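To keep things clear, I will list the structure first and then write my remarks on it.
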């Protein structure tokens, strides 16, 4: 029986995370369905200076690369990435 070490667990975790990230990026590029607003805690008001209008995922005038539906430039969700 092969023993499980902390190192092997970490190696597998990192490999899994890289694989998921690669699949996610590839799936998005292939037109994967967008995430519902409720699932990302979208709200039509900013979180301080964090708002959709200055997020790298925002598509002018009112859309998002990842989130479904109409998106306000003054909105906010947990996927926010400063542009």
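Remarks
- The stretch 34-83 pair-distance distribution - Cα-Cα, 5 Å bins, rounded %: 5, 27, 40, 23, 4, 0
- Taking label positions 7 Å along the Cα-Cβ direction at both residue 56 and residue 6, the computed distance is 3.2 nm, reported to one decimal.
- Computed label-point distance, nm, for sites residue 41 and residue 82 using a 7 Å Cα→Cβ extension: 1.9
- Highest average packing first - 42-54, 62-74, Cβ atoms within 10 Å: 62-74, 42-54
A short reminder: the numbers here are calculations on the coordinates, not readings from a lab. The structure displayed is predicted, hence computed values, not measured ones. Heads up, the Cβs are rebuilt from the backbone with ideal geometry, glycines too, and the neighbour counts pull from every protein chain shown.
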